[in-house]
Amino acid sequence: MTVRSHLLAVTLGGALGAGLRIATVAATAMVLPKWFAIMALNIAGSAAIGWCMHAVSPQRHTLRLFLCTGLLGAMTTFSGFADALVNQGSDHHIATAMMNITASMCFTVLGVVVGRRCAQLKDTRRTAKSPSADRQP
C-alpha cells in the first residue's frame, strides 16, 4: 500500500471518529457532565483499540490505520480530556479533576487490556471449534 492510501485511511477514520465523539458528547449532555462522557468514550475506545490490535492482522495495515489510528484515535481524544480538566480546575473542582485524571488513566489502560483479552478469548474459542481441532494425530 502507498503512503497516499494510508493517509486516506487515517483521514476518513479520523473524520468518522471525531464526528462520533462530538455526537456522543452532545447526545449525553443533558444526562452526563461533559468530562464524564469524554472519559467513558476514552475507556470504550481504548477497549476497542485493544481488541482491534489483536483481532486485525498486522498484514491488514491499512485497515488497522483506519480503525485504530483514525476512527478510534479521533474518538478517544486527549485534547478533550485536557480541556475538561482545565475547565474543572478553573471552576475550582480540583477533587473532581483529580478523580478524572486517576480514573481516566487507570480505566483506559485497563480497557486496552480487557479489549485485547476479549479478542484473545475469541481466538481461543474459534480455534477450539475448528474442524482441525477435532482431528487426532
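A short reminder: the numbers here are calculations on the coordinates, not readings from a lab. All figures in this text were calculated on a predicted structure; none of them were measured in a lab. Cβ sites come from the backbone with ideal geometry, for glycine too, and all protein chains shown count toward neighbours.
Overview of values
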item: Helical segments meeting 30 Å axial Cα length and Kyte-Doolittle -0.5 threshold in the chain (DSSP H); result: 3-28, 34-55, 94-129
item: Hull-based mean projected area of the chain, where the convex hull spans the alpha carbons, in square nanometres; result: 11.0
item: Highest average packing first - 15-22, 45-52, Cβ atoms within 10 Å; result: 45-52, 15-22
